[in-house]
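Contents: one structure, followed by commentary.
Every number here is computed from the coordinates shown, using simple stated rules; none is lab data. Only a predicted model underlies this, so the values are computations on that prediction, with no experimental measurement involved. Quick reminder, even Gly has a Cβ in these numbers, built from the backbone with ideal geometry, and neighbours come from all protein chains shown.
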There are 2 protein chains.
Amino acid sequence: MATIQPRTLQGFRDFLPDAMLARESIMDGARAVFRSFGFRPIDTPALEYLDILTGKGGEETDRQLYRFEDHGGRQVGMRFDLTVPLARYVAQHIGKLGVPFKRYHLGTVWRGERAQRGRYREFMQCDFDTIGTSSLVADAEIVIVIHELLRAIDVGPFVIRVNNRKVLGGILARHGIESDAASVLRALDKLPKIGHQGVAAELHDQVGLSSAQSDAILEFAERSGTPDTILSQLAGQVRDSELACQGLEELEQVVHAARAGGVPADRLELDLSIARGLDYYTGTIYETFLVDLPAIGSICSGGRYDDLAGLYTRESLPGVGASLGLDRLLAALEELGRLQTRPTPTQLLVAYFDPHHLHDYLQLATAVRRRGIAVEVYPEPKKLKAQLKYADRQHIPWVLIAGEREFAEGKCQVKELATGESHLLPWTPEGRELAEFLTDRLAGEARS
Amino acid sequence: MATIQPRTLQGFRDFLPDAMLARESIMDGARAVFRSFGFRPIDTPALEYLDILTGKGGEETDRQLYRFEDHGGRQVGMRFDLTVPLARYVAQHIGKLGVPFKRYHLGTVWRGERAQRGRYREFMQCDFDTIGTSSLVADAEIVIVIHELLRAIDVGPFVIRVNNRKVLGGILARHGIESDAASVLRALDKLPKIGHQGVAAELHDQVGLSSAQSDAILEFAERSGTPDTILSQLAGQVRDSELACQGLEELEQVVHAARAGGVPADRLELDLSIARGLDYYTGTIYETFLVDLPAIGSICSGGRYDDLAGLYTRESLPGVGASLGLDRLLAALEELGRLQTRPTPTQLLVAYFDPHHLHDYLQLATAVRRRGIAVEVYPEPKKLKAQLKYADRQHIPWVLIAGEREFAEGKCQVKELATGESHLLPWTPEGRELAEFLTDRLAGEARS
């Protein structure tokens, strides 16, 4: 019989165990941090009625939607983000959930994007939001969560940049260019990529601003320094815009509250040029960059919105949240050499050395496993060399070898593959000495 | 503007936080157990080329497949189980993975089933398999994994039932009814539901067995007792069937090795009537029942197969594995009152009591959180009564209250909602006393 060629669709990925262990480790870490703040997990279906999804993310998103007719003749689509399902979810369940409603959601989403390097049609989002409160405490908490999250994942030095849409909104209004706000913001978002000259050209040629207007906006957006310096410099400049003043006041509160919540001064910056989510965010905006790899872009972004679920309910639900870019973060950590990948969770391979002692091996493996060590028993009594080769290939750090001689002496050999050193330990069915020895050595390795 | 009615598709579910916390807790536990045996996580895409999926699970599965044409005109389908993707995956990657290859995979699958109570069109599977070895050590290990898994999840008393397809295969052959094997096995699988008389009638009327044949088969399948008793009784009876003898020998090895690996005698039974996966399993077969709720069916099932990936590669890949039925298990635990659901992970709510002390609250929350307690700061300075009501509704066990008086004294009040009792503790920005107090109390609760 002819075989079917095993292959995956373009833009879709198989995860091999080393990649998957790294993903699981970050997801576990993220869940633990979200829970430590009282964010509550939810999940929603992969498939939704098409009318729930279309028209929510703009024309491009509509085009990218995986859509079809199901068995019951219903028009359905696969979720393309976790925000639209969240809006539908809270509209449906907010009575049961109550407010403030803090939720996290780790889920797969699908977008039929044009295939290109580094762009996937299936990827994971890790969102967290606080719904149903306008309090800036929630805005500050998002900064604190991002900080704890990236500390826990151990990403190396990073900077969280905050802005507030009202500041730039007020400035634009003062210069009489509020009707062009979207195009101005879109141009400003390109600052890191095309630089001052490029943005100035775009503001002039495409948006139609005068040189004076363009200069004023750019001077504003490019301001840098500590949050306190910028805030005090600006306070005078925006005096005549109520909206900008309000934005500054909000930024100040968020920055100070975040610092109180343990975010060090050098990890939190104001950046008046960030303007993501053009039609969506209404207050605080967040982006997060790795100091050693800023070019990969923001790894955790979000902001405040006035009305999450207006399409599905008349109840007004303001909220604030952010999303960790898991795939981008993994790519960055890999590039920085900070990703500790290993092909298996196994810490000790018990060699199947002497068939008469299989039951001893199985007994010991269970005992040591229950003491917190990941133990694998090789399933076949192959030559020791083949079993060691397997351990080596899987990067299993320790191998236990016990044959007739060791059993006669009540001992076992524990071999460290990295050094080739062997240690002779007492063999007891409870495996206490062995487990303690390995716990100690493995903790030492993790530290070094 | 008219709003869109927020709703989910029939057969699909939103998970509210309490249900999701229970799911996450079981999935976390399962992953930890799988890793402790050296099973390695993988993931595969939700969407596959249609020809990878069709014809692999029988006509019914083909009918239930969610399928459509994607943006590039490709015929695609959503995965309906994790076994077919695994077969495709190992065929594609086995050179990189090596054998034995032990993997686990927690993933969502989709089936457009006829909607009925308790049947979902989207559900989660938790599979674990060892690929590339015929050794019975791997078969025994599956029993040991099931045992550790259900111990870890704390499901209450359970029994793992094992069988071997070769035993019944040999018996059928001896009675000259091997060509009817599939229909006989299908009838025997109904023993728990329709009983002896029902199965006898089906074997006679539908399969066309003689009364003598039907009696012999049923006497065989209904045998019960300890594995050792059954094995010794049968040894004499199957002497003239080499296949049945081999099956018995295999069962004996699996049972003894599983016991060596810590599975107590009373949790492991032989059941010669179980015959799942008619065209698929070739050796050991597993089912697992909760002693207090057997009627809900097997919560963890699987078996050995000779050739996993024959449709995609000419390399012969035998394997053995099982699958934890997460949705069924959760339903069972809920029915048994063993599911500890709570709406939030928060253990301490810091009341936003005095706006002048917001920064103190945020500082303390971070400190206590870093000491392992899940802490939420209420985001608005509402009346204390409203904040306590929120805590009560979310089943948050402890609330911290500190206002001018407490700050003047360097203290804080910690209120236990279940008893109404308040405790006065020293307030320190490091939160050590508070964290130690709560850790102690929460551990006490978990024990009681």
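A few comments on the model shown:
- 5 angstrom amide H check on A:ARG161, placed H, neighbours 5+ away: A:GLU269, A:GLU287, A:THR288, A:PHE289
- Calculated SAXS-style log₁₀ I(q)/I(0) at q = 0.11, 0.12, 0.20 Å⁻¹ - region B:348-447, Debye, Cα scatterers: -0.28, -0.33, -0.99
- Other-chain or far-sequence residues with amide H under 5 Å of A:TYR312's (modelled H): B:ILE4
- Peptide A:16-23 is shielded by partner chain Cβ atoms: per residue, an average of 5 of them sit within 10 Å of its Cβ.
- In degrees, nearest ten, helix B:136-153 long axis to first principal axis of chain B (Cα): 30
- Basic side chains Lys and Arg get +1 at the Cβ, acidic Asp and Glu get -1 at the Cβ, and with that the dipole of region B:338-448 about its Cα centre reaches some 480 debye.
- Pairs exceeding 27 Å between alpha-carbon atoms, taken from B:LYS389/B:LYS411; A:LYS385/B:LYS56; A:LYS411/B:LYS102; A:LYS383/A:LYS415: A:LYS385/B:LYS56; A:LYS411/B:LYS102.
- The 3J(HN,Hα) values that the Karplus relation (6.51, -1.76, 1.60; θ = phi - 60°) gives for region B:282-294 are, in residue order, 10, x, 4, 10, 10, 9, 9, 10, 7, 4, 8, 8, x Hz. Gly and Pro appear as x.
- CD proxy at 222 nm, helix term only [per DSSP H run n ≥ 4: -39500 (n - 2.57); per residue of the protein assembly as shown; nearest 500]: -13500 deg cm²/dmol
- Under 15 Å from a label point set 7 Å out along the Cα-to-Cβ vector of B:LEU424, the amide N atoms of region B:378-412 belong to B:401-412.
- On Cα atoms only, tilt of B:83-97 relative to the major axis of chain B in degrees: 90
- Size of electric dipole in chain A: Cβ of Lys, Arg +1 and of Asp, Glu -1, about Cα centre, debye, nearest 20: 1060
- Likely footprinting exposure, B:ASP139, B:ASP51, fewest C-beta neighbours within 10 Å first: B:ASP51, B:ASP139
- In the assembly of identical copies, B:ASP307 has its label point, taken 7 Å from Cα in the direction of the beta carbon, separated from the corresponding points by 6.3 nm (ascending, one decimal).
- B:ARG74 paired with A:ARG314, simple spin-label distance in nm, labels 7 Å along Cα-to-beta-carbon: 4.7
- Ranked A:PHE80, B:PHE123, A:PHE128, criterion: other C-beta atoms within 10 Å, fewest first: B:PHE123, A:PHE80, A:PHE128
- Comparing B:THR366, A:THR439, A:ALA216 along the charge dipole axis of the protein assembly as shown, the residue lying farthest to the positive side is A:ALA216, per the Cβ-charge model.
- Residue and distance for the chain A Cβ closest to the axis that moves A onto B, in whole Å, come to A:PHE68, 2.
- For region A:259-361, size of Cβ-based charge dipole, Lys and Arg +1, Asp and Glu -1, in debye: 160
- Mean per-residue shielding of peptide B:256-264 is 5, counting Cβ atoms of other chains within 10 Å of each Cβ.
- A Förster radius of 22 Å, combined with the Cβ-Cβ distance separating B:SER210 from B:GLU242, puts the computed FRET efficiency at roughly 0.35.
- Straight-distance candidates among the aspartates and glutamates for linking to B:LYS96, with alpha-carbon spacing under 12 Å and chain neighbours fewer than 8 residues away dropped: A:ASP18.
- A full extension of the chain between B:HIS356 and B:ALA408 corresponds to an added length of 17.4 nm, given 0.36 nm per residue minus the alpha carbon distance.
- Each copy carries a label point for B:HIS423 at 7 Å from Cα along the beta-carbon vector; from one copy to the others these points are 3.9 nm apart, nearest first.
- Here's the picture: a label point sits 7 Å out from the Cα of B:ARG342 along the beta-carbon direction, and within region B:397-420 the residues with their amide nitrogen under 12 Å of it are B:397-399, B:417-418.
- Cβ-based exposure ranking for B:THR54, B:THR44, B:THR130, in which fewest neighbours within 10 Å come first: B:THR54, B:THR44, B:THR130
- Within 10 Å of each Cβ in A:88-99, the average number of Cβ atoms from other chains: 4
- Label-point spacing at A:ARG342 relative to the other copies reads 3.2 nm, in ascending order, each point sitting 7 Å out from Cα along Cα→Cβ.
- Positive-end residue of A:LEU349, A:GLY319, A:LEU65, charge dipole of chain A with Cβ unit charges: A:LEU349
- Counting every pair of alpha carbons in region A:156-301, the share spaced more than 25 Å apart comes to 25 percent.
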